[in-house]
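The values are calculated or read from the model by the stated rules, or taken from the named source; none is laboratory data. Everything quoted here is computed from the prediction, not taken from an experiment. No Cβ is skipped: glycine too gets one built from the backbone with ideal geometry, and neighbour counts run over all protein chains shown. Please note that ligands, DNA and RNA were not included when accessible areas were found on the heavy atoms of the full protein model with its side chains. Shrake-Rupley method; radii C 1.70, N 1.55, O 1.52, S 1.80 Å.
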Amino acid sequence: MMRLLGPAEIRILADKLDLRPTKKLGQNFVIDAGTVRRIVRVADLSPDDVVIEVGPGLGSLTLALLPSAAHVVAVEIDPVLATQLPITVAERADAANLTVVNADAMKVTPGDLSGHRPTALVANLPYNVAVPVVLHLLEVLPSLRKGLVMVQSEVADRLAAGPGSKVYGVPSVKAAWYADVRRAGPVGRSVFWPIPNVDSGLVSLVRRDPPPTTATREEVFEVVDAAFAQRRKTLRAALATWAGSAADAERALRAAGVDPSARGEQLDIQAFARIAEHRP
């Protein structure tokens, strides 16, 4: 049975490293073994999965992931934590199937991962960069087939929202380009150190093909950004700059089968792809 980290071990490690969790890096460490076991269970990993973990911190989740996957690639931006992680793991388990990459997950590329091709993203993501990290990794790692991420509760709502929801927006639409996204349960505040002043939630991602379209992803995302730049505007007005004029926007929208008086939050990713195809 893997010896996981509890609150006492986390404090001892933090003291040893003179670690003061920083808001800048969004550091809230999981100190509850039950929570990391639950994350691994819900992630539904197979023995041949290669997991990419972002922000492993002191290694709570890493230790729980290692017995359930073929390999874990941990991407840690903090050099002190990146140096300590293999030591922590080696004291409790075989560290042979762990690769630690000291890098910014927002800039990581397949070439940074020592030849590993991750199939699953499982991470307690730093709250301040959760959405861009998820979108970046889905973009640059086509080998990723699934994911389970712990994020701020309202971010979880936004990522998993569907058209018509009050919180449906750019993150929801862009995530839907890559994957089926859904909420996978709440997480209490007391499982973290330091205790955050917000609730957390789990988000499940299952990769699927993007909508069939002649437009590129960049072209579709440009429409999405323009549509939500001013949420109160109709698409005819919101897309005027993108199209060249409000009249051109209306023609593109009608050609795409979209009501020009609709708003961005009413459209799914397929509709945005159709609009991108009809740019004047």
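Quick one: would you say GLY185 is of a type outside the set (Val, Ile, Thr), on the phi > 0 side of the Ramachandran plot, at pLDDT 95 or above and not in a helix (DSSP H, G or I)? Lay out the reasoning, then the answer.
Working: of a type outside the set (Val, Ile, Thr): yes; on the phi > 0 side of the Ramachandran plot: yes; at pLDDT 95 or above: yes; not in a helix (DSSP H, G or I): yes.
So GLY185 fits the description; yes.
Annotation for region 131-152: no member residue is of a type in the set (Ser, Thr, Tyr) and assigned to a helix (DSSP H, G or I).
How many of the residues making up region 242-280 are in contact with a Phe, Trp or Tyr (Cβ under 6 Å, 6 or more places away or on another chain) and exposed (fewer than 15 other Cβ atoms within 10 Å of the Cβ)? Explain how you work it out, then say what you get.
So in region 242-280, the residues in contact with a Phe, Trp or Tyr (Cβ under 6 Å, 6 or more places away or on another chain) come out as 264-265, 269.
The next check asks that each one be exposed (fewer than 15 other Cβ atoms within 10 Å of the Cβ); those that pass are none.
Counting residues in region 242-280 that are in contact with a Phe, Trp or Tyr (Cβ under 6 Å, 6 or more places away or on another chain) and exposed (fewer than 15 other Cβ atoms within 10 Å of the Cβ) gives 0.
Yes or no: VAL101 free of Cβ contacts under 8 Å to residues at least 60 places away in the same chain, outside any helix (DSSP H, G or I) and either closer than 22 Å to VAL140 by Cα or of a type outside the set (Val, Ile, Thr) (or both)? Here the answer is yes, as VAL101 does meet what is asked. Pairs meeting the criteria (first residue in region 211-238 and touching a residue at least 12 places away in the same chain (Cβ under 8 Å), second residue open to solvent by less than 40 Å² (accessible area, probe 1.4 Å) and among the basic types (Lys, Arg), beta carbons under 8 Å, at least 6 apart or on different chains) are PHE221/LYS174; VAL224/LYS174.
Total residues in region 129-146 satisfying the condition of being closer than 21 Å to GLY59 by Cβ and open to solvent by 10 Å² or more (accessible area, probe 1.4 Å): the figure is 1.
Can PRO21 be described as modelled with pLDDT of 95 or more, open to solvent by 10 Å² or more (accessible area, probe 1.4 Å) and either more than 19 Å from the chain's Cα centre (by Cα) or among the polar types (S, T, N, Q) (or both)? No.
Against the list (1) crowded, with 18+ Cβ neighbours inside 10 Å; (2) modelled with pLDDT of 95 or more, the condition VAL206 fails is (1). Would you confirm whether any residue within region 173-181 is surrounded by 22 or more Cβ atoms within 10 Å (Cβ to Cβ), of a type in the set (D, E, K, R), in contact (Cβ under 8 Å) with a residue 24 or more places away in the chain and assigned to a helix (DSSP H, G or I)? Within region 173-181, one or more residues are surrounded by 22 or more Cβ atoms within 10 Å (Cβ to Cβ), of a type in the set (D, E, K, R), in contact (Cβ under 8 Å) with a residue 24 or more places away in the chain and assigned to a helix (DSSP H, G or I). Only one entry of ALA237, ALA227 meets the criterion of being crowded, with 19+ Cβ neighbours inside 10 Å and not in a loop (DSSP other than H, G, I, E, B), and that entry is ALA227.
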